[in-house]
Amino acid sequence: MYKLHQRAFILFGLIGFLLSGCAASTMHKQTRLQETVADYYDTYSKRTDFQNFMAFYDENAQLNDIIYGNSLNNKKDITAFFAWDNGQFEVLEGKPVLTISKQVIDGNTVITEGHFNQFKYNQQVLGPWLFIMVHQFNDKNKIIKQTDWINYTPRNQFLGGKSMNQRLLEK
């Protein structure tokens with residue numbers, strides 16, 4: 001009877017050890033993803049290192065800009081879409097390009113809500129723009145799918161309709 005209890009104790013101890021190892025591995029993956037996402041948005045908000053920014057994307061990444069209706073199916077097309085060297089870009093009031101107000105990470109999916117601060121593009125003042133971005137990452141923490149919901153303004157130049165961004169200027 002004593003040996004049976006001893007074996008059960010060892011067995012449960014081993015199972016507990018294995019489960020804690022799995023939990024530690026999952027926590028490590030989650031921490032790495034959190035760090036990757038923080039680095040991605042830090043790079044995006046500074047908008048100075050396009051090569052580093054594009055390094056976050058997998059070669060076969062997809063990007064859907066829901067409002068504009070753009071659907072891109074690889075890193076080459078995404079690079080051309082973002083093209084930070086196109087036009088003259090200037091952030092106004094010394095603010096970062098974007099500000100995050102909420103972020104949820106669930107498995108390999110990250111949902112980020114925030115706004116792009118006002119900026120000048122080719123001498124035209126644009127923004128601020130509310131956004132929600134959904135990113136899906138692979139096991140290498142590369143973006144494999146991105147869905148953008150950006151409330152572009154002035155709306156008459158983009159889509160028409162009511163601007164929900166006005167409240168950002170009233171703060």
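Values quoted throughout were computed directly from the atomic coordinates according to the rules given, and no laboratory measurement underlies them. Bear in mind the structure is a predicted one, so any value in this text is a computation, not a measurement. As a convention, Cβ positions derive from the backbone with ideal geometry for all residues, glycine included, and neighbour counts pool all protein chains shown.
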Assuming 0.36 nm per residue, please report the length gained on full extension of the stretch residue 120 to residue 34 beyond their Cα-Cα distance.
27.9 nm
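In the stretch 44-82, what chymotrypsin sites (Phe, Trp or Tyr not before Pro) fall in a loop by DSSP, with at most 14 other Cβ atoms inside 10 Å?
Working: sites: 44, 50, 53, 56, 57, 68, 81, 82; in loops: 56, 68.
Sites meeting the loop and neighbour criteria: 68.
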Go through 29/75; 75/145; 95/142 and tell me which ones have a Cα-Cα distance over 20 Å in this structure.
29/75; 95/142
